[in-house]
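Accompanying notes for the structure given below.
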Amino acid sequence: MTRSEHIRALLEEYAQQRMIDEADQDARVAEASRRDPEIARLRAENAELALGTMRRMLSMDTAEARADAAQRMKQRGIANNAELRRRLAALGLPEDYLAVRYRCPECRDTGYVGDAPARFCACFEARLRARQHEDGSMAGVDEQCFERFDLSRFPEQDGQRERMAAARKVCEAYADAFPDARYRNLLLTGPSGVGKTFLLNCIYARVVDRGLSAVRVTAFRMFETMRRQHVGEDPGGADFRSLLDAPLLLIDDLGTEPMMRNITVEYLFTLLNERAAARRHTVVATNLSPVQLQERYGERVSSRLLDRAVCGAILLKGKDLRTL
Ligand SMILES: [Zn+2]
């Protein structure tokens, strides 16, 4: 996708987000009004206040009368809002309960900030970069399969080609035997550009070719799903559920996602734990070493990732193929 295609897709996503924001607000208003019908009446009165006052002002003769009406409208609005807050508090609800809650208060989920000429909000820029990054890492993914595996692309020196041949053998055996592979999980580690993503995509292609179900995600996308689940943006949790339930889940680039408090480590642990309990298969590719995995995610997560009883580890090293 080109940058402008990403922008259009993202703007569409933001438009949907605003609809979700408003639907959520409607639901909160309905809930509060059900518990206290006076809240609905006060809101309706507020809505009518400005329009009704303006209509009445049109038929007033003097500026003084109009100013007086405007003043009364203002005071009535203030009184109504105070009464609304009092009634919300009585229900144990926060005073902003009935306001729209935006994912990004800066741009109110429009993606734009500032007056004309408006510019993209920081949240929009960040999402755009993530999309483009993901696109780049997914480009050409469909050509990545064992059948097109070209070992000659890997330099012979320092045993790099030999290591890759061995790794390929393990991965292909895993994909062919799934779900009865010797190890339930695979961990592909090593620096950038040595072929981890390629192997992961080969496994995915083979398993899918065999008519079996697999889900492939980048860590960035996976944690975005978790974040959405955490803040309630994924009604029903279907996206997160699909990560938990996939018979084979392939996670690329673990360690490149943002570290989000209460989300990254907690949700990763939940994911790995639930998948282990259900004996589902997981393949992880990461630039992080075992020590770095432990430092980043802590003992509970790293021990799941590195569990020798169920996880085959493949360590790739050597030159970055993209710079050769
Ligand atoms: Zn924003």
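Pairing residues of the stretch 113-137 that are of a type in the set (Ser, Thr, Tyr) with residues that are modelled with pLDDT of 80 or more, at Cβ distances under 9 Å and at least 6 apart in sequence or on separate chains, gives Ser137/Thr197; Ser137/Thr218; Ser137/Phe220; Ser137/Asp252; Ser137/Asp253. When restricted to residues that are under 24 Å from Asp21 (Cα atoms) and either assigned by TED's automatic domain parsing to the domain that holds Gln17 or assigned to a helix (DSSP H, G or I) (or both), the stretch 213-263 contains 19.
Answer yes if at least one residue in the stretch 177-184 is closer than 30 Å to Arg279 by Cβ, in a helix (DSSP H, G or I) and modelled with pLDDT of 90 or more, and no otherwise. Break it down into steps so the answer makes sense when it comes.
Here is the first cut: in the stretch 177-184, the residues closer than 30 Å to Arg279 by Cβ are 177-184.
Still in the list and also in a helix (DSSP H, G or I): 177.
Now narrow it down to the ones that are modelled with pLDDT of 90 or more: 177.
Yes - at least one qualifying residue is present in the stretch 177-184.
Of all residues in the stretch 192-212, exactly one satisfies the criterion of being among the β-branched types (Val, Ile, Thr) and in a loop (DSSP other than H, G, I, E, B), namely Val194.
Quick one: would you say Ala130 is in contact with a helix residue (DSSP H, G or I) (Cβ under 8 Å, 6 or more places away or on another chain), at pLDDT below 90, within 16 Å of the ligand (Cβ to nearest atom) and aliphatic (A, V, I, L, M)? Explain how you work it out, then say what you get.
Working: in contact with a helix residue (DSSP H, G or I) (Cβ under 8 Å, 6 or more places away or on another chain): yes; at pLDDT below 90: yes; within 16 Å of the ligand (Cβ to nearest atom): yes; aliphatic (A, V, I, L, M): yes.
So Ala130 fits the description; yes.
Considering only residues of the stretch 282-313 that are surrounded by 20 or more Cβ atoms within 10 Å (Cβ to Cβ) and of a type in the set (Val, Ile, Thr), which is farthest from Ala214 (Cα to Cα)? That would be Val301. Candidates in the stretch 92-104 are the residues that are touching a residue at least 60 places away in the same chain (Cβ under 8 Å) and not charged (D, E, K, R); of these, the one that is nearest to the ligand (Cβ to nearest atom) is Tyr102.
Summed over the stretch 267-324, residues that are in a helix (DSSP H, G or I) and not basic (Lys, Arg) total 25. Is there a residue in the stretch 270-277 that is of a type in the set (Ser, Thr, Tyr), crowded, with 20+ Cβ neighbours inside 10 Å and at pLDDT 90 or above? Checking the stretch 270-277: not a single residue is of a type in the set (Ser, Thr, Tyr), crowded, with 20+ Cβ neighbours inside 10 Å and at pLDDT 90 or above.
Step by step: first the residues of the stretch 105-126, then only those that are more than 17 Å from the chain's Cα centre (by Cα), within 9 Å of the ligand (Cβ to nearest atom) and part of a loop (DSSP other than H, G, I, E, B), then the one that is surrounded by the fewest Cβ atoms within 10 Å (Cβ to Cβ). Which residue is that?
Looking only at the stretch 105-126, we keep the residues that are more than 17 Å from the chain's Cα centre (by Cα), and these are 105-108, 110, 112-121.
Checking the rest, the ones that are also within 9 Å of the ligand (Cβ to nearest atom) come to 105-108, 110, 112-113, 120-121.
Narrowing the set further to residues that are part of a loop (DSSP other than H, G, I, E, B) leaves 105-108, 110, 121.
Details: Pro105: 10, Glu106: 13, Cys107: 20, Arg108: 16, Thr110: 18, Cys121: 20.
Restricting to residues being more than 17 Å from the chain's Cα centre (by Cα), within 9 Å of the ligand (Cβ to nearest atom) and part of a loop (DSSP other than H, G, I, E, B), the top hit is Pro105.
The values are calculated or read from the model by the stated rules, or taken from the named source; none is laboratory data. Given the structure is predicted, the values throughout are model-derived calculations rather than measurements. Heads up, the Cβs are rebuilt from the backbone with ideal geometry, glycines too, and the neighbour counts pull from every protein chain shown.
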